[in-house]
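Trainee: Below: one structure in structure tokens.
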Amino acid sequence: MTTTATWDELLVGDEVAHLAAEPAREARTVPVPDSLQPTVREALARRGIEELYEHQADAYAAALTGGNVVVTTGTASGKTLSFNLPVLDALAADRHARALYLYPTKALAQDQARALGELGVAGIRAAIYDGDTPTERRRQIRGWANLVLTNPDMLHIGVLPRHDLWGDFLHNLRFVVVDEAHVYRGVFGSHVANVLRRLHRLARIYGAEPQFLLASATIANPAELAHALTGEEATVVENDAAPRAERAIALWNPPILDAGLGLRASALGEASRLLAGLVGRGLRTICFAKSRKSAELIHRFAAERLDAATAARLAPYRAGYTPQQRREIERRLVEGDLLGVTSTDALELGIDIGDLDCAISVGFPGTVASLRQQWGRAGRRGHGLAILIASEDALDQYFMREPAALLERRVEAAILDHANPRVLDGHVAAAAFEAPIDEGDVATLGPETLERAPHVPELRSTARGWVWAGKDAPAARVPLRSTSPDAFLVVDASSGDVLGLAEQERAYSTVHEGAVYLHLGRQYLVRELDLQARRALVEPFDGDWYTQAKKETETSIEEPLRVERRLGLELSFGRVAVTEQVVGYQKKAAADGSTLDTVPLDLPATTFDTEAVWFVPRPHQLEGLETMPLLLSSLHAAEHSLIALLPLWAMCDRWDIGGLSTNLHLDTGGPTVFVYDGHAGGVGIAARGFDQFEGWVADTAELLTGCPCERGCPSCVQSPKCGNLNEFLDKAGALTLLGRMLAT
Ligand SMILES: [Zn+2]
Ligand SMILES: [Zn+2]
């Protein structure tokens, strides 16, 4: 029995690109296993848990065999209990046993600590150990707690280098829990994979062999991710047996204003219209936007559409709120006092606000996993509505025309590369600091560590193995979110807060003087880029323009690693050097993308090594396109649209990928398209493109075929990050080339 779908009358018109219904699903449960420790059974019983979902029981059973486990089931499927059961069971049975829980953010660690406290299993002593833990508490936690919750940064800098203080804990370490494992991908994941290997090695040195229990959002490659992160095989548990609410799904495409130019109405306006319509019907709705400014505009426009009393039941929700303010909003939402909330992605990761009626995602949030997490909010009383409102971005528009790519196919893979020397070397140094590295460590640290050791300065080869000969602890010099230790600090000049890091190879194009810089959904204007101090000073910015850097790019092939005949041409994957020089930037109006100003910049060229996939089309594939500038324009348009769709295959951001197309490349001797990993050394993005080339090209051709524009638009061949400011793009030529490749 479901309530009347009072949203039906809103879901009409040309804007509805696709409607789907996901049926409700009954839970599949099994009795709580008898083998569980009595204290755990009692705690479950007190919480009214008499049965387990099948996947929870499967995960428990898999962990009992002593192996590693990765659980990848949907949002709100009780993943937490899947890894808590074996851990709590082991800790309850053996008072010496220890477990370490890893969370990507402090807030998530706090949520988990609270949940464990509420479960109240006798004998479980859980404690958070992070940067906020007072020094005087730290020693106490190390000695007292048998379940420690922390984050990768603390483990990397605070725990592993001081392992002597953790000797007892490491000696008894039975479980390492890695929750939200899909977050550990790309650069961050490549680092965390090394941190976990260092942890594993130290545990062995202290005589322990911990099991890794991972939990991830639904991705295409859970076993591969578990292996990449830990270096170990893991049993995959993916049979989701949790009940699911019946859910209506709507893909919503703002109306076309100018078909030839591919210009559409604003997604924010559509969002406010839907939000007001749903809230006006008394439906509790959350609306996710990509930036704080967007969230606030949606809130304001929606309020303007409603009467004062209903408008008062709308609120924006910000990451910058104090915990008290947030809890107040969460409470009002759960109690139904608030009807509509607009938020940035800050809410996305697991914070518990209960079920709502509707969830609106404004713009594809970058990964299907994130979108599913946002949509997972909708389903109160067994019935929910989930909406994706498309932005003009090519991937969004692709989904509007190919809904199956979003709703059915599972192509998104979480990828990382722990062996990227730019990432690995810092951890080799850190590992040597922690204990001399010898042959025996290959099993945990991997063979690459010994291969890199001779190349790491300040390491000495001794009879005991490779030892650290430097002065300070090297881990502190290795930031986990960058592939270069000399990244630029981005500092808010108004508060002195460090907002983040800009990797060396991207600093000049993202935080040059005058750039509008987006961080956690907030806009900042870069006041100064200090090349000596490696620091960008920024200030909060409320203007209605954005910036696009103009740059000159060159690539040179260092070493082809794989060359194959694919789609009728020679496809290569290998190492390249990319040289970029940012020569200026354009200020563009947020409203319509029109150019307001062009400003020259005088910045040095930067060169970095990375991985790329490249191809040289065969003459017959270019027939009729040989003249200039048509040749270049066709290759350039193909490059842009390929880059736009690669995140569908490799879980990453368009901004993680670079490209170059040329009518004549010196190394290949012919017209060439390069798509390269934007992170020095590469984190697996280009490699995934090589592996999935046929599907990737097919998707891209579909994107171009389906776009209703005449000559190319932001939804197909134009790129918001083109260093040539989207000059020389020929959509028809690109489609001809890709079509001939696929026809091979
Ligand atoms: Zn188009
Ligand atoms: Zn371009």
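The values are calculated or read from the model by the stated rules, or taken from the named source; none is laboratory data. None of these values were measured; they are calculated from a predicted model. Virtual Cβ from ideal backbone geometry, glycine too; neighbours counted across all protein chains shown. Remember, those area values only see protein heavy atoms, side chains included, never the ligands or the DNA or RNA. Shrake-Rupley method; radii C 1.70, N 1.55, O 1.52, S 1.80 Å.
Trainee: Run the simple label-point estimate for E451 and E408 please: 7 Å along Cα→C-beta, distance reported in nm.
Mentor: Rounded to a tenth, the inter-label distance reads 4.1 nm.
Trainee: Identify the trypsin sites (Lys or Arg not before Pro) of segment 708-744 meeting these criteria: DSSP loop state and at most 15 other C-beta atoms within 10 Å of the C-beta. Could the numbers behind the result be given before it?
Mentor: On the way: sites: R711, K721, K731, R740; in loops: R711, K721.
When the trypsin sites (Lys or Arg not before Pro) of segment 708-744 are filtered for loop state and at most 15 Cβ neighbours within 10 Å, R711 remain.
Trainee: Regarding segment 453-506, what is the average projected area of its C-alpha convex hull, in nm²?
Mentor: Spelled out: convex hull of the Cα atoms, projected over all directions, averaged, 5.1 nm².
Trainee: Tell me the label-point distance for the pair A476, D602, using the 7 Å Cα-to-Cβ offset, in nm and rounded to one decimal.
Mentor: The modelled label-to-label distance comes out at 3.8 nm.
Trainee: With the crude spin-label approximation of a point 7 Å out along Cα→Cβ, what separation in nm comes out for L531 versus V16?
Mentor: 5.8 nm
Trainee: Tell me, what % of the accessible area of the chain is carbon and sulfur with a 1.4 angstrom probe?
Mentor: Summing carbon and sulfur atoms, their accessible area is 50 percent of the total for the chain.
Trainee: What FRET efficiency would be calculated for the residue pair E26, R711, taking the C-beta separation as r and a Förster radius of 60 Å, to the nearest 0.05?
Mentor: Efficiency, rounded to the nearest 0.05: 0.70.
Trainee: What is the Cα centroid distance between segment 182-229 and segment 563-642, reported in whole angstrom?
Mentor: Using only Cα atoms to place each centre, the spacing works out to 35 Å.
Trainee: Here is a further query. Please go through segment 38-121 and write out the GluC sites (Glu not before Pro) that DSSP classes as loop and that have at most 15 other C-beta atoms within 10 Å.
Mentor: Answer by residue number: E50.
Trainee: Are there GluC sites (Glu not before Pro) in segment 666-730 that DSSP marks as loop and that have at most 15 other Cβ atoms within 10 Å, and which are they?
Mentor: Within segment 666-730, the qualifying GluC sites (Glu not before Pro) (loop, at most 15 other Cβ atoms within 10 Å) are E710, E727.
Trainee: Using the alpha-carbon centroid of each, what span in Å lies between segment 426-476 and segment 671-744?
Mentor: Using only Cα atoms, the two centres lie 41 Å from each other.
Trainee: Could you tell me the ratio Rg/Rh of the chain? Both radii from Cα atoms, Rh via Kirkwood.
Mentor: Here the Rg-to-Rh quotient is 0.96.
Trainee: So how strong a dipole does segment 1-110 carry about its Cα centre when Lys and Arg Cβ are +1 and Asp and Glu Cβ are -1, to the nearest 20 debye?
Mentor: 780 debye
Trainee: Let me ask something else about it. Tell me the Rg and the Dmax, in Å, that the Cα atoms of segment 409-568 produce.
Mentor: Here Rg and the maximum Cα pair distance are 20.4, 63 Å.
Trainee: Now, a different point. Using square roots of five times the C-alpha gyration tensor eigenvalues, list the equivalent-ellipsoid semi-axes of segment 223-311 in whole Å, biggest first.
Mentor: On the way: eigenvalues 279, 87, 43 Å².
Those come to 37, 21, 15 Å.
Trainee: By the 4.7 Å beta carbon criterion, which cysteine residues of the chain come out unpaired?
Mentor: Lone cysteines by the Cβ rule: C287, C358, C652, C722.
Trainee: Under 8 Å for C-alpha pairs, at least 6 residues apart: give me the relative contact order for the chain, rounded to a whole percent.
Mentor: In percent, rounded to a whole number, it is 12.
Trainee: Moving on. Would you mind pulling out the separation of the Cα centroids of segment 386-420 and segment 359-373, in Å?
Mentor: Cα centroid to Cα centroid, the span is 9 Å.
Trainee: Taking segment 37-101 on its own, what percent of its Cα-Cα pair distances exceed 14 Å?
Mentor: 59 percent
Trainee: Next question, about the same structure. So if we plug the beta-carbon distance of S494 and L261 into 1/(1 + (r/R0)^6) with R0 = 30 Å, what FRET efficiency do we get, rounded to 0.05?
Mentor: For S494 and L261, the calculated efficiency is 0.20.
Trainee: Highest first, please rank the peptides 655-665, 634-644, 558-568 by the mean number of other Cβ atoms sitting within 10 Å of their residues.
Mentor: 634-644, 655-665, 558-568
Trainee: Now, a different point. Go through K106/K588; K290/K588; K293/K721; K293/K587 and tell me which ones have a Cα-Cα distance over 26 Å in this structure.
Mentor: Listed pairs above 26 Å: K106/K588.
Trainee: Among A413, A638, L338, pick out the residue whose Cα is farthest towards the positive end of the charge dipole of the chain, where Lys and Arg carry +1 and Asp and Glu carry -1 on C-beta, about the Cα centre.
Mentor: L338
Trainee: Taking 0.36 nm per intervening residue step and subtracting the Cα-Cα distance, what contour gain separates T133 from M628 on full extension?
Mentor: Working: separation 495, 0.36 × 495 = 178.20 nm, distance 6.31 nm.
My answer for the length gained is 171.9 nm.
Trainee: Please report, in debye to the nearest 20, how large the charge dipole of the chain is about its Cα centre when each Lys and Arg carries +1 at its beta carbon and each Asp and Glu carries -1 there.
Mentor: 1660 debye
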